[in-house]
Amino acid sequence: MFLDSVKIEVNAGKGGNGIVAYRRELKVERGGPFGGSGGKGGDIVFKGNSGLSTLLDLKFMKVVKGNNGENGRNKGMYGASAEDTIIEVPLGTTVYDDDTNEIVADITKPGQTAIIAKGGRGGRGNMAFATGINKCPDFSEQGEPGEQRFIRCELKVLADCGLVGFPSVGKSTLINACSAAKAKVAAYHFTTIVPNLGMVRLPDERSFVMADLPGIIEGASQGLGLGLQFLRHIERCRVIVHVIDMAGSEGRDPLDDYEKINAELQSYKMNLMKRPMIVAANKMDLEGAEDNLKRFKEKYPDITVYPISAYTHQNLDPLLYKVADTLEVTEEFSLLEEDETDSVVNYTFREEEKMFEISKDDAGRYIVTGKPLERIVAMLNFNQESAVIRFTRQLRSFGVDDALRKAGCKDGDIVRVLDMEFEFRD
Ligand SMILES: Nc1nc2c(ncn2[C@@H]2O[C@H](COP(=O)(O)OP(=O)(O)OP(=O)(O)O)[C@@H](O)[C@H]2O)c(=O)[nH]1
Ligand SMILES: [Mg+2]
């Protein structure tokens, strides 16, 4: 399988801060709270675009940052929510959380969108906290930080045509001759171990993706040589270009080569012989090639052969036009592995989060961790005494106090939540 893979960091936008403000107007006697809530931070959204075929655009991004929500305003006005950041990706892109390997999204349809990182909630202004008991609260919330994650995007690339043949018949030389690929070429067998991809562009504007595959040998379908792994690559190609060393430059008979490779393709489970196949007779610049070609044509009168020299770039065009023509009449097939389901996973929510957990560090401090609690701390405005008091009350109601006591925490011990430390008071 041909895999295009990119790792990037995504940071969704932070929510806007809520503010503390009071109503102060002539003729309004008791103004009351008037601080508005912050707007939501922008999400990072991926969107399927059928016009893209590689992850190249993402490779240049490294970090994607979302827009922050606007802070709340006076007179109870909400801050504006930030616009989402939309990034277009090719169809077939699978997005993984690089830390957990969990699939975040699978983009398969044009226009399909998936939230890759969620923007933070806007913090509430003091107006939102007013209750019958506390009519004029003097605290507000900070905006929630946006979700941050490291993701890995993978795209399975289906090659339009794959170069198939014995080792050293000139497959890599051919892809280098007709695309910008820089495949390694050498006179020893199995020079190519990992497929090379190249984009072939014809003068008539047509283009296709060519894959230079590792060589196969007799018995490959039984796992011999570099074997099955490489036959699997051929599954990813719509059209097969069977490359033959027509000069028999390594002492084998090219007609024999042709039959042996076909037998391997035939016995492989996918029956690759059902794929459209175009036969290229390579190394026509060498002695003996013409004679062999003549024999070949006599033995297989129904097969069209394209004589070329990848080395001298001779006669490449008729072969490439034939590939383009064949692709036009060959159906696309599914990119998915047989054992893969085609269900569309949109945004996967994590397992239910534990409110908090308590541990003890080397210095004897009690460390309280847990995403929900940490979010509350992140949204706390420490400059507001009443917000801090409210927070300590929240800790009690979540059962943190009890849990700390159970864990052995005593009066005066240090408790830590994120980067906030305080003394435990029983
Ligand atoms: N004279 C001549 N030599 C060629 C031609 N094509 C390839 N060769 C030579 O054949 C040898 C093998 O070429 P490669 O392109 O590495 O062959 P390959 O099929 O990719 O081989 P593997 O990757 O090992 O499967 C090299 O020494 C090339 O220079 C050709 O058209 N004419
Ligand atoms: Mg090669």
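Matching residues to (1) open to solvent by 40 Å² or more (accessible area, probe 1.4 Å); (2) aliphatic (A, V, I, L, M):
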site	(1), (2)
VAL10	no, yes
LYS14	yes, no
ASN17	no, no
VAL20	yes, yes
GLY32	no, no
GLY36	no, no
GLY41	no, no
VAL45	no, yes
PHE60	yes, no
In the list LEU255, LEU272, which residue meets the criterion of being assigned by TED's automatic domain parsing to the domain that holds GLY219 and under 43 Å from the mean Cα position of the chain (by Cα)? LEU272
In the stretch 413-421, is there at least one residue being in the same structural domain as ALA363 (by TED's automatic domain parsing), surrounded by fewer than 14 Cβ atoms within 10 Å (Cβ to Cβ) and in contact with an Asp or Glu (Cβ under 9 Å, 6 or more places away or on another chain)? no
Restricting attention to the stretch 116-129, does a residue exist that is within 16 Å of ligand 2 (Cβ to nearest atom) and of a type outside the set (S, T, N, Q)? no
In this structure, does GLY165 turn out to be more than 30 Å from VAL377 (Cβ to Cβ) and touching a residue at least 24 places away in the same chain (Cβ under 8 Å)? yes
Taking the condition of being under 18 Å from PRO145 (Cβ atoms) and among the basic types (Lys, Arg), how many residues in the stretch 71-129 meet it? 3
Report, ordered by the first and then the second residue, all pairs with beta carbons closer than 9 Å, sequence separation of six or more or different chains, a first member in the stretch 112-132 that is among the charged types (D, E, K, R), and a second member that is open to solvent by 60 Å² or more (accessible area, probe 1.4 Å). ARG121/LYS40; ARG121/ARG375
In the stretch 402-425, the residues that are under 17 Å from LYS371 (Cα atoms) and in contact with a Leu (Cβ under 9 Å, 6 or more places away or on another chain): VAL415, VAL417, LEU418, MET420
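Scan the stretch 115-127 residue by residue and report those that are more than 40 Å from the chain's Cα centre (by Cα) and open to solvent by 20 Å² or more (accessible area, probe 1.4 Å).
MET127
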Looking only at the stretch 164-184, count how many residues are within 8 Å of ligand 2 (Cβ to nearest atom), part of a loop (DSSP other than H, G, I, E, B) and of a type outside the set (Gly, Ala, Ser). 2
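State all residues of the stretch 241-275 that are more than 25 Å from LYS294 (Cα to Cα) and open to solvent by less than 60 Å² (accessible area, probe 1.4 Å); if no residue qualifies, say none.
Those that are more than 25 Å from LYS294 (Cα to Cα) and open to solvent by less than 60 Å² (accessible area, probe 1.4 Å): TYR268, ASN271, LEU272, ARG275.
Every residue, every condition in (1) of a type in the set (D, E, K, R); (2) at pLDDT 95 or above, yes or no:
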position: LYS260; (1), (2): yes, no
position: MET273; (1), (2): no, no
position: GLU298; (1), (2): yes, yes
position: GLU340; (1), (2): yes, no
Within the stretch 263-277, does at least one residue satisfy the condition of being within 13 Å of ligand 1 (Cβ to nearest atom) and in contact (Cβ under 8 Å) with a residue 24 or more places away in the chain? no
Subset of the stretch 183-218 (residues that are without any contact (Cβ under 8 Å) to a residue 12 or more places away in the chain and within 12 Å of ligand 1 (Cβ to nearest atom)): ALA186
For the stretch 147-163, does any single residue satisfy the condition of being within 11 Å of ligand 1 (Cβ to nearest atom), modelled with pLDDT of 90 or more and either acidic (Asp, Glu) or in a loop (DSSP other than H, G, I, E, B) (or both)? no
Of the conditions (1) within 25 Å of SER386 (Cβ to Cβ); (2) out of contact with any helix residue (DSSP H, G or I) (no Cβ under 8 Å at 6 or more places or on another chain), the single one that MET61 does not satisfy is (1)
Identify, from the list GLY198, GLY215, the residue that is under 14 Å from VAL241 (Cβ atoms) and out of contact with any strand residue (DSSP E or B) (no Cβ under 7 Å at 6 or more places or on another chain). GLY215
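The values are calculated or read from the model by the stated rules, or taken from the named source; none is laboratory data. Predicted model only: the values in this text are computed from it and were never measured. Here Cβ is always computed from backbone atoms with ideal geometry, including for glycine, and neighbour counts include all displayed protein chains. Just so you know, the surface numbers come from the protein's heavy atoms only, side chains and all, with ligands and any DNA or RNA stripped out. Shrake-Rupley method; radii C 1.70, N 1.55, O 1.52, S 1.80 Å.
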